[in-house]
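Each remark here refers to the structure printed beneath this line.
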Amino acid sequence: MRRFCFALTTIAALAAVAGSARAQTAPPPGACHFGAYRLADGTALIIDSSDEPNMRYRRLDGASGKLFRVGEGQYEGGAGWSVREPVAVRARFGACGEGRLTMQQGAGPATDAYRIALPTVPITFASGPERLYGELVLPAEGKPKAAVVLQYGSGRDSAVYNNYLQNLLPLKGVAVFVFDKRGTGRSTGGYSADFTVLADDMAAAVDAVRSRPEVAGVSLGVMGESQGGWVAPLAAQRRRVDFVVVGYGLAVSPIEEDRSEVAESVRPFGPAALAKAQALHDAATRVVVSRFGEGLPELERLKALNAGEPWIGKIGGDYTGPLVATPAAHMDHVRAAFDFPISFTYEPRAVLAQLQTPSLWVLAGRDTEAPHEDTLAILRQLHAKGSPIDIAIFPQADHGMIEREKARISPGYYDLLADWIASPRLTRDYGDAELIRRR
């Protein structure tokens, strides 16, 4: 399922289950196999979740593939990012707790791999009246070079079960604390996309990690992926941290994000189509900001007026696209899907302008879910004014730093994160990334 940068997985998908969406509390199928493994040749890979009951493997060079469940402990997949056939990879896991994996690529020999024991510290901490659950994952040996508190993206699933960086970065010497957002996983409270509330929760997570002896004396910072890119800088305003990392996030508001996605989707149809689509965006924005109290008649009028246009079925946007695609008779289902706090109007520029903590922004050059052009312009302006911002743009990457055609994460992305977190400076090149070093 496509994951949008902002608040929703997709409005249409949420509408289908409106009123019945539940946080993920039980482990996903195969969760006992998630983690880092060492292959016989000394290389490592990460096994993590995909859409249930399937999984995904990730190598440290960025290569990745989806593993489809075909039997108890048995999985297979094709050569693409999410391709099933023709089968190119087979994986067989031992019993839960055994920590054993056998991988076979094509017709090559099967290779055994064994779980890398990464020390893990469960931590439950308070944020206001809520109790949030997280896990601090440490390198297998030695003191960590640094520690990072990770803010997960927009989904309702458990970050502890589903975020793979908690097992990858410790292989490079970085400790990671990942926690279930309120209303997800094993954390209490109601699900929220109120960025100020999420920033308070992240600040409380920083306090919880800072008190741990396992990371005493090492630099501690925050990282936000996707939607978390709005939250991490806010958390850095609330607590002193040593660094901030934003991965494929935005320096514009969620409304501006939706507007840019609408424009991107209809631009091939010409300026007249763009103007009409932007009017639909304006109407849809009024609907969602008012929580469906205003704007629906105008939205329906514009939908009817443009019903015959060739671009109407192509219109994008986190909320504009689904609202345009939803018949009026089903709009109540979409309304119910919005029954949680959402920071539609949050404007990040002032926060970023005031932030004097060293920051790394990693942008995806082909990001279809969070178009980066306006964000890059804002970051360049802040950079020119002396803000301590480093920027890395991976030109072939889509959202999540994924290069789907090549079935990989952009080469160099993992090394960039580990190196910069350990010593917040861009000191070398990373794959084909364009680097803008701070002054």
Within the chain, the percent of DSSP beta bridges that are antiparallel, given to the nearest 5, stands at 65 percent
From phi via Karplus (6.51, -1.76, 1.60), per-residue ³J(HN,Hα) for the range 288-297 in Hz, x at Gly/Pro: 6, 5, 7, 6, 6, x, 9, x, 5, x
Taking only pairs that are 8 or more places apart or on different chains, how many Lys pairs in the chain have Cα atoms under 19 angstrom apart? 6
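For residue 40 and residue 314, what does the FRET efficiency come to when R0 = 41 Å and r is the distance between their Cβ atoms, rounded to the nearest 0.05?
The formula returns an efficiency of 0.25 here.
Using +1 on the beta carbon of Lys and Arg, -1 on that of Asp and Glu, and nothing else charged, what's the dipole of the chain about the Cα centre, debye to 20?
Roughly 660 debye, rounded to the nearest 20.
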Whole angstrom only: what separates the Cα centroid of the range 256-280 from the Cα centroid of the range 384-439? 29 Å
As an exercise, identify the GluC sites (Glu not before Pro) in the range 23-124 lying in DSSP coil whose Cβ has no more than 14 other Cβ atoms within 10 Å. 72, 98
Among 328, 299, 271, which residue has its Cα furthest toward the positive end of the charge dipole of the range 265-331, with +1 on Lys/Arg Cβ and -1 on Asp/Glu Cβ? 271
Dipole magnitude (debye, nearest 20) for the range 254-337, charges at Cβ of Lys, Arg, Asp, Glu: 200 debye
Kindly write out, for the range 91-101 in residue order, the coupling ³J(HN,Hα) from the Karplus curve 6.51 cos²θ - 1.76 cosθ + 1.60 (θ = phi - 60°), rounded to whole Hz, with x marking Gly and Pro. 9, 10, 9, x, 5, 3, x, 7, x, 10, 9
Given Cβ charges of +1 for Lys and Arg and -1 for Asp and Glu, the option among 138, 63, 88 whose Cα lies farthest towards the positive end of the dipole of the range 59-139 is 88
With r defined as the distance between the Cβ atoms of residue 188 and residue 61 and R0 fixed at 51 Å, what FRET efficiency is calculated, to the nearest 0.05? 0.85
Could you give the nm distance between label points at residue 105 and residue 267, where each point is 7 Å from its Cα heading toward the beta carbon? 3.6 nm
Any idea how far apart residue 291 and residue 279 come out in nm if each label point goes 7 Å out from Cα toward Cβ? 3.0 nm
Applying the Karplus parametrisation 6.51 cos²θ - 1.76 cosθ + 1.60 with θ = phi - 60° to the phi angles of the range 397-404, what ³J(HN,Hα) value in whole Hz is obtained for each residue in order, glycine and proline being reported as x? 8, 9, 3, x, 6, 8, 10, 4
Only four residue types carry charge here, +1 at the Cβ of Lys and Arg and -1 at the Cβ of Asp and Glu. Report the dipole size of the range 31-115 about the Cα centre in Debye, rounded to the nearest 20. 80 debye
For each of 331, 401, count neighbouring Cβ atoms within 10 Å of the residue's Cβ, then give the residues from fewest to most. 331, 401
Which option, (1) -0.25, -0.45, -0.58; (2) -0.29, -0.50, -0.63; (3) -0.38, -0.66, -0.81, is the value of log10 I(q)/I(0) by the Debye sum over Cα atoms at q = 0.06, 0.08, 0.09 Å⁻¹ that was calculated from these coordinates? (1)
How do 100, 425 rank when sorted from fewest to most other Cβ atoms within 10 Å of their own Cβ? 425, 100
For a footprinting-style exposure proxy, rank 33, 333 by other Cβ within 10 Å, fewest first. 333, 33
Residues of the range 370-388 with the amide nitrogen closer than 15 Å to a label point 7 Å from the Cα of residue 356, along Cα-to-Cβ, please. 386-388
Would you work out the relative contact order for the range 366-439, in percent, from Cα pairs under 8 angstrom that are 6 or more residues apart? 37 percent
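Only the coordinates and a few stated rules stand behind these numbers; no lab work does. All values reported here derive from a predicted model rather than from experimental measurement. Here Cβ is always computed from backbone atoms with ideal geometry, including for glycine, and neighbour counts include all displayed protein chains.
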